[in-house]
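Working notes, beginning with the structure itself.
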Amino acid sequence: MTVKVFAPAKINLTLHVTGQREDGYHVLDSLVAFVDTGDQITATVAEENSLTVTGPFAEGVPTDASNLVMQAAEL
């Protein structure tokens, strides 16, 4: 089974870091607007998790366990 969804990009109109959590992530207050451009996400059932990133900025995106998508898939 394959699922394809569009993930719209967002523009941060305001972004304030208000603290840091114990896990190292920051607490944020923000106001965002979504736009008509974004990412196409395709997920396919497989025996093991893997991640492929394509596009003009793909070179800078990790595809290992440090990527939040891979962390979510493991959960």
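The values are calculated or read from the model by the stated rules, or taken from the named source; none is laboratory data. From a predicted model like this one, the values you see are computed outputs, not experimental measurements. Here the Cβ positions follow ideal geometry from the backbone for every residue, glycine too, while neighbour counts run over all protein chains shown. Surface areas here come from the heavy atoms of the whole protein model, side chains and all, with no ligands, DNA or RNA. Shrake-Rupley method; radii C 1.70, N 1.55, O 1.52, S 1.80 Å.
Below is a table of values for the structure above.
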| read-out | value |
| --- | --- |
| Residue that is farthest from V3 (Cα to Cα), among those in segment 16-45 that are open to solvent by 70 Å² or more (accessible area, probe 1.4 Å) and of a type in the set (A, V, I, L, M, F, W, C) | V17 |
| Pick from segment 1-15, criterion more than 15 Å from the chain's Cα centre (by Cα) and hydrophobic (A, V, I, L, M, F, W, C), ranking: surrounded by the fewest Cβ atoms within 10 Å (Cβ to Cβ) | M1 |
| Selection count where residues are of a type in the set (A, V, I, L, M) and surrounded by 10 or more Cβ atoms within 10 Å (Cβ to Cβ), scope segment 46-75 | 8 |
| Matching residues, segment 46-75, being small (G, A, S) and under 15 Å from the mean Cα position of the chain (by Cα) | S50, G55, A58, G60, A65, S66, A72, A73 |
